[in-house]
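The block underneath contains the structure these notes are about, expressed in structure tokens.
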Amino acid sequence: MTIKNGWISFGLGRLGAVYGTYGGTLGAVLPTLPHDHPGGLHAWMRELVPLGDLAKGEYGMDTLGGPVAATGHPAALPESFVAFMADPVLRDSVPTCTCCYWEAGLPAAASPVREGARLVRFLNDQQGCVFWYLHLLPDGSHEVLAGSEAYDEYEVAPEQAAEDLWRVAPDFDEFMARFWIENLAWYEVVGQGRPDDELSAPVRAYVLQLPVDTDQ
């Protein structure tokens, strides 16, 4: 069953408006991430941690925070996910401008869109607008899906699930790195109102790849 590819995000003010809490872009051409960074994306994200203190502004910064039951889980969780959750510096430092939070219990359900696959909910929007899932595939690989339904709480017909779900990243690290840098960008661009030349180097390198929003 076909799932649409894209990205679901909040707005970045002058760098891109979203009308509502979140907006989705089908087939989004997204800024590149530093996959060639020494140590990989985990090491790059660790370098983002101190930037949070500089970007939090007058009213502070919300972070995902809190422990997650990533070990001993009945599903075979991706190694990158388990390693991330075992590192409190990473796990507790991810910024969120929409008050998202880790789903500590990692509830799982059979995938309604792929036979033999499972959905594991790991991240929630505070108001239940969006849920993010590890989609554990039968061959041992995974991807990250997002949708508005809580698939572990009630049954959703396959056709409805295919309309609801978006494939937002090919793996957990890619999703987490993009989620982190976009939230950090929100705090710098929208929260603090920094001009381009005052953005932190990682945020500036990312947002300068965004298409120009002619409506701003």
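Taking just the C-alpha trace of the chain, give me its Rg and Dmax in Å.
Cα-based Rg and Dmax for the chain come out at 16.9, 49 Å.
What is the local net charge at T32, summed over the other residues whose Cβ is closer than 11 Å to its Cβ (Lys, Arg +1; Asp, Glu -1)?
Net charge around T32: -1.
Would you mind working out the accessible area per residue for the chain, using a 1.4 Å probe, and quoting it in Å²?
47
Could you work out how far helix 40-55 tilts from the main Cα principal axis of the chain, as a 0 to 90 degree angle to the nearest 10?
Relative to the chain, helix 40-55 is tipped by roughly 50 degrees.
With each label point set 7 Å from Cα along the Cα-Cβ vector, what nm distance links A162 and Q126?
About 3.6 nm, to one decimal.
Can you send over the solvent-accessible area of V18, 1.4 Å probe, protein chains only, in Å² to the nearest 10?
Accessible area of V18: about 40 Å².
Dipole of the chain (Lys/Arg Cβ +1, Asp/Glu Cβ -1, origin at the Cα centre): which of Q192, P38, C97 lies farthest to the positive side?
Towards the positive end, the residue furthest out is P38.
Give the angle, between 0 and 90 degrees and rounded to the nearest 10, that separates the Cα long axis of helix 172-186 from the longest principal axis of the Cα atoms of the chain.
Between helix and principal axis, roughly 30 degrees.
Sum up the charges of everything whose Cβ sits under 10 Å from the Cβ of R167, counting Lys and Arg as +1 and Asp and Glu as -1, but leave R167 out.
That works out to 0.
Could you tell me which GluC sites (Glu not before Pro) in region 151-216 are loop residues by DSSP with no more than 13 other beta carbons within 10 angstrom of their beta carbon?
Qualifying residues, ordered by number: E153, E155.
Could you check how much of the accessible area of the chain is carbon and sulfur, as a whole percent, using a 1.4 Å probe?
Here it works out to 51 percent.
Using helices alone, what [θ] at 222 nm do you get for the chain, with -39,500 (n - 2.57) per DSSP H run of 4 or more residues, divided over all residues and rounded to the nearest 500?
-7500 deg cm²/dmol
Looking at region 78-127, I'd like the Rg to Rh ratio, where Rg is from alpha-carbon atoms and Rh is Kirkwood's inverse mean 1/r.
Computed over Cα atoms, the ratio is 1.03.
Please give the Cα centre distance for region 160-188 versus region 89-144, rounded to the nearest Å.
The two parts, judged by their Cα centres, are 10 Å apart.
Choose one answer from L54, L184, L123: the residue with the largest mean-square fluctuation in a GNM of the chain with alpha-carbon springs under 10 Å.
Evaluated over the chain, the most mobile residue of the options is L54.
Going by amide H atoms built from the backbone, whose H comes under 5 Å of the H on T63, apart from near neighbours?
T96
What is the local net charge at G52, summed over the other residues whose Cβ is closer than 15 Å to its Cβ (Lys, Arg +1; Asp, Glu -1)?
After counting each charged neighbour, the total is -3.
The values are calculated or read from the model by the stated rules, or taken from the named source; none is laboratory data. Predicted model only: the values in this text are computed from it and were never measured. Methodologically, a virtual Cβ is constructed for each residue, glycine included, from the backbone with ideal geometry; neighbour enumeration extends over all protein chains shown. Just the protein is used for accessible areas: all its heavy atoms, side chains included, with ligands, DNA and RNA removed. Shrake-Rupley method; radii C 1.70, N 1.55, O 1.52, S 1.80 Å.
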